[in-house]
Each structure stands twice: as C-alpha cells, then as structure tokens.
Amino acid sequence: MLLIKCPFCGPRPELEFSYGGQAHIARPKDPASLDDESWAEYLYIRSNPKGLHAERWRHIHGCARFFNVQRNTASDAIVATYKIGEEPPKPVDPGLEEWSSRSGAAL
Amino acid sequence: MRYRLPAGGRIDRSKPLSFHFDGKKYSGFAGDTLASALIANGAHLVGRSFKYHRPRGIMSAGADEPNALVGVGSEEARYTPNLRATQIELYNGLVAESQNRWPSLSLDFSGANDLFSRFLPAGFYYKTFMWPASAWKKLYEPMIRRAAGLGRAPEAADADRYTQVYGHCDVLVVGAGPAGLAAALAAARSGVKVFVCDEQDQMGGSLLSEREATIDGQGAADWLAQTIRELKSRTNVVLLRRTTAFGWYPHNFLGLCERVTDHLGLAITKQPRERMWQVRAREVVLATGAIERPLVFPDNDRPGIMMAEAARTYLNRYGVLPGSRAVVFTACDSAYRAALELKSAGVEIAAIADVRSAPNGRWMERARAAGIDVRPSTVIAGTYGRLRISHADLARISGGTMGHPETFACDLLLMSAGFTPSVHLFSQSRGKLVYDEDLKAYLPGTSVERERSVGACRGVFDLGASLADGFAGGLSAAKALGGTAAAEHKFSVFAQSLGRDGFIGAPPSGGKSRRTRAWVDFQNDVTAKDIELATREGFRSIEHVKRYTTTGMATDQGKTSNMNALGIVSQTLALPASQVGLTTFRPPYTPTTFGAFAGQSRGELFDPVRKTSIHEWARENGAVFEDVSLWKRAHYFPRPGEDMHAAVRRECKATRESVGIFDATTLGKIEVVGKDAAEFMNRMYTNAWTKLEPGRLRYGVMLREDGFVMDDGVVGRMSPDRFHVTTTTGGAARVLALMEDYLQTEWSDLDVWLTSTTEQWAVIAVQGPNARKVLEPLVHGIDISQQAMPHMSVQEGHICGVPTRLFRVSFTGELGFEVNVPMGYGRGVWEAIYAAGREFGITPYGTETMHVLRAEKGYIIVGQETDGTVTPDDVGLAWAIGKAKKDFVGKRSLARPAMSRSDRKQLVGLLTVDPNIVLEEGAQVVADPSEPVPMTMIGHVTSSYWSVALDRSIALALVQGGRARIGSRLSVPIPSGPVTVEVVQPIFYDPEGKRLDG
Amino acid sequence: MVEATIVRVNSLAAVSRDSASSPQVSLAVLPDAAKLVFRGRPSSIGAAGEAFGVELPQTANRFREAAGRKAYWLGPDEWLLEAIGVDSSELFSTMSEKLASHSCSLVDVSHRSDSMAIRGPMSEYVLNHGCPLDLSERAFPVGMCTRTILGKSPIVLSRTEQEVFHLDVWRSFSPYVWSFLDEARQEFLHDQSARSPT
Ligand SMILES: [Zn+2]
C-alpha cells in the first residue's frame, strides 16, 4: 500500500485516496472551437509511461482535495506531490529520483 | 520415544503430550514440533510425493520443508491442510493426518505412478492430455486432480476468529536469529520504536541449536536469554513470535501473519486464531537467514534423508536422534559440525562423502581426529530402502568418471550443499539481486526501499560477523531515522568458522544421470532429468523452464530447489549461473490462510449493510429486501400467501387507484450552495437552470464529458443560491466526486460549495390520486393545494412537527409527493403518514412496483435503460438539453457526427403480440428471426414487466433506428422460439400525463 | 393539523443496547448534536467562527472546542461544526443571517451522522483493526481530527483525550462501525489482564 503525501494532510495510506488519472490535462476553455480530432485527443489520449508519470490523486477519505503526484510507474517511488494549480517540479534526473525515494520523499 | 535423549534440548520433559498421526497415538513433549515428536518416535515416513506418490520423510526443520505436509485438526471446522510438520507446535490432543495417499501411507495404490514414471516426464500434462479437448473436463482433469494433489479443503465453515491490525514502527526487524537480535538491540538502545518478528515459537534462530559457541563470554543460550530479557524490558520494543513476514508491499509496508492460538489447540480465549499485521515501518532490517540446500543425487528422496542442519536442530533443540547410523554427503564444512555433534550424542557416522576434491580446515581435521571416515571427491551413487533409507552407495569421482560404488548400511543420510540466503522479502521489495560466484548464491544488491539486509540473508554466515553485521544494521536504521544512534558494541565471539563453500546443480554422476532419478524439487516431484529434458527441448529462460517442469512452483516456492535447478540449467547450457537468471519471488513467503486475509470481513461484517431509518418498519411489516449497492431496499411487501408477482400486482393497483407509500431514502442528495450555484448547475447538467424559480423542481440529466448519460435526478431550487440535487442511489458518490473534480480542478473561480446530504434526509414518496388527502392534515405552514403547489414544486415547512422539504413530484405518473424529513425522524413520520393513509387503504410498495409504475410511464432508470453508451437523445431526453447553453459537460461530444446518426440505438416500447408473454430483460431484438444463427442483433430489451394497469406485458428496448421502426414488427428470440413484438412509443400509460394532477 | 410527537431515532440505538463495558476499551453512543457543514472562501472563515462561537482551526486536521461547541477542520475549505443541546434549525438560521454577505455555504447535516466514543488504554489498538493511520500520540495527538476510514466505512476520527477517541459516522454506516469495533475488542472483554501486543 502506497504512502502518499497529501499536500494538505501529510503522508497518508493509499486506502484514503482515489486515483484521478493523468495530471495536467486542462479542459479546453471553448470546447466548441475544437475539431473532432483535438476533442478526441483531450477526451481519450493519455500517456502510459514506464517511469515518471504526473497523475492526479484525491484524498477522498481525508481533506477531499485533488492534487498532483509524480510517481515512477516502474518502482512506485513517489518523487513529488503538489497542489492543483501549482507548477510541476522540474523533472528529476533518474539517479536523483532513486535517491529521493529512498530518502523518503513520501515518508 | 525411542529416539529421545534423556536430557538436553529446549523441550519440557515435565510436560508430556499425546497426539495422533494417521490414527495412531504418539507422545511428545511441550516444545516439540510435530516433526520432532514423530522423529522421536522413529516415524520418518510422513507423506507421499505429489506426482509419483513416492514415500517421503521429514527433510528439514523449518519453513523450507518440502515433504512433510500434513492436515491438522480433529474437527472439520478447524481443519487446516498442507501444514509443514516442521512448523506445527505440538499440543495435547493434536490430530494430524498425512495427505495424498490412498488407502494408507505405507500402502498407496497410486505409487504405481512411480513405476510408470518414464511416461510422466516434464511437461507431460501438455504432451499427454491434448486430445480430445472434451476429455479434459470429464476425464483428464479429475484424474490428475485426484492423483496429483495436496491436502483437501475443509468442508465446514471456519469456526475460528481471525483479525487484522495495522501497525506502525520506526524499525521492523524481520527474523530474530543472531543478526536480527543484534539489529534489534542496536535499534532498541537508540530509543526508536522497534517491532521484531520471527516465524518460530521461540526467538533465536540458529542460536536455539547452538552448542559450543560463546558470545561476550556467555554460552549462546545464556546470551540469547539475556538479550530477549533486555528487549522485553524496553517499552519501545514489540516482540512478535510465531509471526511470519510473508509479503513486502510498496513503501515499506509488510504483511505479517501471527499465529496466536494455533499452538494451544483449542481457542480457549477470545484471542484470534491468527492475526494479520499490516505494518508500515519507516526502516526495515531484514535478518531472514539462509536455507540449507539439498544435494541432487540418485534417489535422494527416501525417508531418512535429511538436511545436515536439520539433524543438528533435532538433536540440539529437541533432544532427538534422527537415526542411529548416518552417512553424510556434503559440499561444505557445516555438515562436519553436524556429524561431530551427532557422533558425540551416540549416532554412528558411517562415512562423510565430500564432493570437494580437497576439503581441508579445522572441521575436517576434527572429524578425522574423531575417527570419522572422510572421503573427498566422493558422491552418493544411489540409495536403497522402501519406506526408509537402508543403504547408500558411495563412489569416488576422478577425471569425470565414477569409481566402483561401495555400499554402506545406514538409517539416516545427511546432506548439505551449502546455504542459500533467504532474499525473498528483499526481492519482493524490488531490490536488485547480484550473483556471488564464490558463494554460488544470489545476494541483496541495490535496495529500492528503506531497508537493509543483515547476516546470513546477505551471505554473512559466521556467528561473530553476523552479530556485528546485525548490530551495524540496527544502528544504520536508527541513524536513517534522524535520531541519535546507540553506542557501538563489539561482540566477542568464539565460534569455529564454517567457511563459504557450496555447490549448486547436480554433482558429477559419471554420466549415469539419464538412467537414475535425482530430485531437485521434492514437493513438485521434479528431477534433474526433467530439467535437462526441458533445456534439450529448447527452453532457455529460467522462467520458462520453471513453468514447463513446474520446478519451484509448489507451495514452498522452491526454497530448497531453485538454486539447484538454476545450477542444472547452467550446467546443461554451459552458461554461467549469473546469466541464467533467477525466477521472481512473490508473496506469500509461506502459505497464508484465507482466514487471515479475510480478517473481520466475514459474515455480518463482510460489508457495511446500509439501512434507511425506515428499514426496521419495513422488516417488521414483512418486506423482502434487495441489495442496491450497499443499501438494503424493500423489494416488495408480500402478504401471507403472496408471491412477488401477486404482491407487486396488488401494490401497483393500490397506488394507481388510491395511494401508495414508498421509501426513497437511498437516493443520493447533494446540497449545492453559493452565488454561482446556478452557473455551476448549468455547466454540470444538460438542462438550463438560470430561469428555474426558487420553489420549483426540474428533472436534470448529467453526462460524462464523452457525451453519454451518467446520472439523472430531480433538482429543487430552494433559494437563488441553493439547490437540492438528487442522484440515483448507486450514483451518489460518483456524481459528487465528478462535481468536486470540476470545481476543484477546472472552475475554482466559482463561488459554490457541495455538501453530501444523502443521509441527512429520509425520503417518503406518497403517490396516487389520494396522496394529497393523506398529507394535507399532517403538514404545517405549507399549502399543498393544486394551485399553491403544482407538479414539480417544492416547499419548506413542517410535517408532524418536524421540518420538511416537501417535493411535489412523481415517478409513478400519479399525483405524488416526496416528503424529505431529517433522517432520525424518518420512521416516525412514515408511521404518521401510514396511519393517516389507513382510511384510503395506503399501501407500502417496494422497488419492484416502483419499477413497474415508472416503466408504464416510460421513465428511464439510469443503468437499466442506459449503459454508458447512450446519449440523451437515444433515450428520448433531447428535450432536457439546454440548446441555448454555450457549454456543459458532454456538450462538445454530442456534436460528434456519430452521436446523431439515425441508426443509433433508440429507446422504444415493445408490445408482444401475445400479451401474456413477459420478455426477459437483456434479450436480443432481431429484424429477421429466420436468419441463421448468429442473427443480426439490432437491439436489446432493457426493462420488461407485467403491467397491471394495462393487463398485459410491456417492455422497453434500445433498438437501432428504433423511432423510425415504430409501428413495425420485430422479433425477440428466446429458447422456445422467436416472440413477435410490435414497436411502439416508449410510454404505455396516460400518455397525456393527466393523472399527475390527481 | 395533526400534531404527532416524532421521536428522533439514533442509528446506534439497537446495536449499542447491552454493550459490555470494559476498563480496557469501552464504546459509548454520544448525544445527538446540531451539526453544520461550513464551506467557504478564506475571507469568510473568520466570520463563520464568530457566528458559531468557536474560531475555526486553520491548521490541517485539528479541532477546536469552546463551551460545548466544536469546530473540526475537514479540509482547507470545509469544517464540521458541532453543538450539543442546540436546535439545529435555530443555529442554522442565526449563522446564515450573520454570513449572508459572505461567499460561503452552510448546510444542516445534524441527521447525517451519529457519533460514538471509544475509550480506554486499548482504544488505539482496537481502532487500528480497521483504521490504517498511526494513532500513537506522536502521530495523532489530542486535538487532532481527520476524515479517514475504518474497515470499509468512511469516518471522522478525533482524539479528545489521551485514551478517548470520537467517531462521527454517516448514519447507515454507523452500526457497521460499532459492530466492527465491538468485534475487534473481544479479546479484552473477558480477560482483564489482556494487553495489546503493541
Ligand atoms: Zn489531505
């Protein structure tokens, strides 16, 4: 069970969270102006990387806030968590990432 | 107990115990395991092998035991199969039985499998049981299952209590052998919160069988006792005996299974039988030790053939002699120690066959000095004895050829190929393993989690080094937590080094391996030949060899076999072992019971059972309930002698003709409040909300962003900035989550907030022409006349003296109200309405009647008429779309060409030409029933009922281009033949809606 | 008009009847209370505290108490306000009036949940049978509150004293939560000397 650091409540067990899909996909301001292809892109196309992934989680059984997480999908290491609207931290270099997960970014 | 020594060991001779094995009575002592007690009685034969039904004995003294699997329990409800006799603590009255034998252990008819073994090679399942396919179910599978199997599952429900508990600690030490105890001491003295778990009934690991070593000037046993005392005395330490760390899950989360009362036999307290710990540890120290490897030689599986360290354990820990005359076969020094200790206890050592060409060092010298016949470059060429080993052939290997064998009589054969570090948990944590050529073992390499391995599990075998390694690991864990670590401690240890020699694979056999069988995986009956065959047949990857031969796939997950299998693949493919790779370790480390995994989640506590405040009234009045998500809802209210159909007919009739009462409490409810509430509603729902006056209701439709119907419900505008939103019962949480999602992540500029009020309001639907008459005398401060309170309006006031939000709304097509009252008053108000309705014959109805009444009116149910691929227009809800709105969730998707195609499935009514046939919901609709199967399916029935009002069957269906087909005939094939149906408008009753006003 | 006396029924009434008490860990139903959920913009928080009579805590996961009223932080814009012995409609009206000019939401949820207490030295351990949080005083001190889960139910958990926790549970989940805790404490009911392994 992952230990996820809620930006409001601190580290909490995964059981309290719900997963919210890929992060940083903003709803178009004027959907009507998009052609079908761009709209489909927004609706359906998601990345599926092996490695660092920016994703949304919601502390549903806690403060109920949505927030963003950078997680390595291969190791489950959580590199950063940050509030909605905040800039994602700079991509971490792979060596550093391993170090930071060991040093307990989530703990 | 013929083989029990008069003194020594950790058993309590003042506490004799009796037990039964296969119906025969034996005795043992407190402190024994089932295995040690059987051996004390001279019983080595304990099971039959999985595939060939070969007689098998006790091979080890711990969790790695592949052979001695037994079923324990005298009552069916407490019976547990497949337990390792080496781990079962003896208690008075224990009843155990051997498995996989018929009719008895010593006379097993399936032993014939062994005679035909050359017809059962690796992959025989795949090769033999190929055709015909139909034979699998009837013939092959039952036959294989009966012949090749483990224990039987108990047939009675488990009578015991199991619990689960979450634990949190700073340092979790897994394993309480010397390294683990040293780590625990270091962490405990540093003042951090420490959990120590060990799978055995006593902590100490190898120290429990230690004879001559001393630590800090004390004998090992005294040091152990003192260390446990110190740990126990510290309030920051939790010691968990009989607790197996079976799994490592992400972020330092470990599963531990504590066997709390198993060793007591009977549950004499309210303590659970097993307790599942789910521990989050900030730091972990793995001190999981090492497992001795068997040697792979012909007929190495007879009862009486045992691991050398296991023999030491039986001798030193249990005071039991595992035999009287032993041959030893080894590739390392530790077996010499075992030979010497057994000899001093009176066991005759016939010879030591050492596969090494030039064994040397202190242990060999001591063995020679003790007069033991030590033979270098010597292997076991074969063994004899049906139910117990009687002889062994020793042969010298020189220049790749085997000399003439010499036969030794023996009743015990000890083997040791060295030690395999237990890297299971490390590997589960996704740490990278590295191969150590010198040790012929995989060792922990780079850690991925906050963890360190200490002692034998990382190849540090000597006692002094192991203690030092453990202590350093404990200090490093404490330091990693940011605190001040305890002072260093230098252990002063006297113990003879055991060296690091070892062997993997099959020792040289003079080219005879093709004709003899040497077991690699004892539990799954895999021989060296099977693995060689797999490589000859082209399997290269160790993962494929594993699956083809099944080596390492038994319940022991190859604890004793994986490295030898790897060695044989390496030998046959002439590849370095490091390039062969290792199969993946997965939880659980040892088999773990379903009871422990289920914990308290069984029976009444399996899931929360959600009940409304009116539930008890319904129960007392004979309601039959149905599950709707976690809710219990009254399905119908049968009177004596009525079945569901009769009850539903009566309930429908009463509601249409006079008045019915229905508990609608489970509907989801959300209070949407703020000055931008209407704007938010405009964006979330297809409807236009701006012009809805306070005091009015509107039916709302919610789409997903992909344009398909997600939920619906009636929404009341309580004031300009406050909406009372209702959702479907199952959709409540989903709708609130979607709303919060948009609000938090897209439209945080809106001044609007959401609060779930599902459980704040009990909802009592009063429906039927007499509904107003029933409610009128009960309400206070509300004018519910037709003029003051038209259809689709809401008023706040009081009913029966409690506050209410009274909705004038109908899901039946009749004049109707939904009375919302604070939940705790639900039953009281229900009873008051029921009493007031008596004179009108008020009839409680359940969800089935509700469904019939709404279907007669063609009102959809989300999830029944919709399935996630249905647009509002598909189900006739185009009218609910605010055309003038620039945007709402799902609007852009509705503009896709595919969403307005004329051949989309559309909601229609179906009337069977024979009015007595009620179609099956889910049945397919076809245009031409004479088409050969598979026919072209153009739709399906979504709802189907007997309509009392129409005195015939009715159905709703989604049909391709359905609206254009109205007036035509289609077919619904059912097992008895096609049913002809007429396509009609999806509304059957009161199409003008005149009855809504009573 | 018919005046009937409608009695409020607590969802724990049946399940808590004849609950065995134990000095190690006991369960109790807490009195019905007026409960409101306040949500709003930061600018409205001060006014809400004034209107309620207890300043709303702005530290995450803390509650504040004064004169029988409690304000629980549930989220950065969400508080549960609880007042015992007060008519919720009256509290709602007075507060609504005072907050009329503010950007916020106030909703009466007095009947949405029922509350129970678990007390005694084994409380932490018993709660940990279903609650995955570290409940040691270091991690969960007196004055802390949070939404979390217990078994398969969402709850609001707060620590009012070293050995006393309160649980606020949605009505339809509360019998489950009570029964779950009651089951988990079995090992301490008949054995006064039993201690948790931790
Ligand atoms: Zn949070």
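The values are calculated or read from the model by the stated rules, or taken from the named source; none is laboratory data. Since this is a predicted model, take the numbers as computed values, not measurements. No Cβ is skipped: glycine too gets one built from the backbone with ideal geometry, and neighbour counts run over all protein chains shown. Accessible surface areas use protein heavy atoms only, side chains included; no ligands, DNA or RNA. Shrake-Rupley method; radii C 1.70, N 1.55, O 1.52, S 1.80 Å.
Observations on the model:
- Local net charge near B:S953, Cβ-Cβ under 14 Å (Lys/Arg +1, Asp/Glu -1): -4
- Summing Cβ point charges (Lys, Arg +1; Asp, Glu -1) relative to the Cα centre of the protein assembly as shown gives a dipole of roughly 2780 debye.
- Whether segment B:684-832 is rounded, prolate or oblate, judged on the alpha carbon gyration tensor where a/c under 1.5 counts as rounded: prolate
- Within the accessible area of the protein assembly as shown (1.4 Å probe), percent carbon and sulfur: 52
- Solvent-accessible area buried by pairing A with B, both sides, nearest 100 square angstrom, 1.4 angstrom probe: 2800
- Two-site label geometry, B:V624 and B:A7: point separation in nm, points 7 Å out along Cα→Cβ: 7.7
- Relative to one another, the C-alpha centroids of segment B:908-935 and segment B:553-628 are positioned 44 Å apart.
- Rg/Rh, computed from the Cα trace of the protein assembly as shown with Rh as the Kirkwood radius, has the value 1.03.
- Between the helical axis of B:732-745 and the longest alpha-carbon principal axis of chain B there is an angle of about 90 degrees.
- Centroid-to-centroid, using Cα positions, segment C:1-50 and segment B:661-691 are 26 Å apart.
- Rounded to the nearest 10 degrees, the angle from helix B:644-657 to the longest Cα principal axis of chain B is 30 degrees.
- Positive contributions from Lys and Arg (+1) and negative ones from Asp and Glu (-1), summed over other residues with Cβ under 13 Å from the Cβ of B:D607, come out at +3.
- Full-extension gain in nm, B:S106 to B:S390, via 0.36 nm per residue minus C-alpha separation: 100.6 nm
- Extension gain from B:T690 to B:R838, taking 0.36 nm per residue of separation minus the Cα-Cα distance: 49.1 nm
- In this rough spin-label picture, where each label sits 7 Å from Cα along the Cβ direction, the A:K83-B:H404 distance is 9.1 nm.
- Sparse packing (at most 10 other Cβ atoms within 10 Å of the Cβ) combined with a DSSP loop state is found for none of the trypsin sites (Lys or Arg not before Pro) in segment C:41-85.
- Leading residue at positive end of dipole, the protein assembly as shown (Cβ point charges), from A:L52, A:P13, C:F140: A:L52
- Cα lying deepest toward the dipole's positive end in segment B:899-997, options B:I974, B:F988, B:G961, charges on Cβ: B:G961
- When accessible surface is computed with a 1.4 Å probe, chains C and B are found to bury approximately 4500 Å² between them, both chains counted.
- What the Cβ-Cβ distance of B:S968 and B:A153 gives, at R0 = 45 Å and to the nearest 0.05, is a FRET efficiency of 0.20.
- Nearest-ten-degree value, helix B:178-189 long axis tilted from longest Cα axis of chain B: 60
- Solvent exposure, largest accessible area first (probe 1.4 Å, DNA, RNA and ligands not counted), of B:F539, B:F408, B:F195: B:F539, B:F408, B:F195
- Spin-label model distance (nm) - B:L950 vs B:S74, 7 Å beyond Cα toward Cβ: 6.7
- Placing +1 on each Lys and Arg Cβ and -1 on each Asp and Glu Cβ, with no other charges, gives segment C:1-76 a dipole about its Cα centre of roughly 260 debye.
- Shape class of chain B from the alpha-carbon gyration tensor: prolate, with a/c at 1.5 or above and a/b greater than b/c.
- Per residue, the protein assembly as shown exposes an accessible area of 38 Å² to a 1.4 Å probe, with every protein chain left in place.
- Placing a label point 7 Å from the Cα of C:V142 along the Cα-to-Cβ direction, the residues of segment C:69-85 whose backbone N falls under 20 Å from that point are C:69-73.
- Tensor-based shape of segment B:309-430 (alpha-carbon gyration tensor, a/c under 1.5 rounded, otherwise prolate or oblate): rounded
- Mean per-residue shielding of peptide C:182-191 is 4, counting Cβ atoms of other chains within 10 Å of each Cβ.
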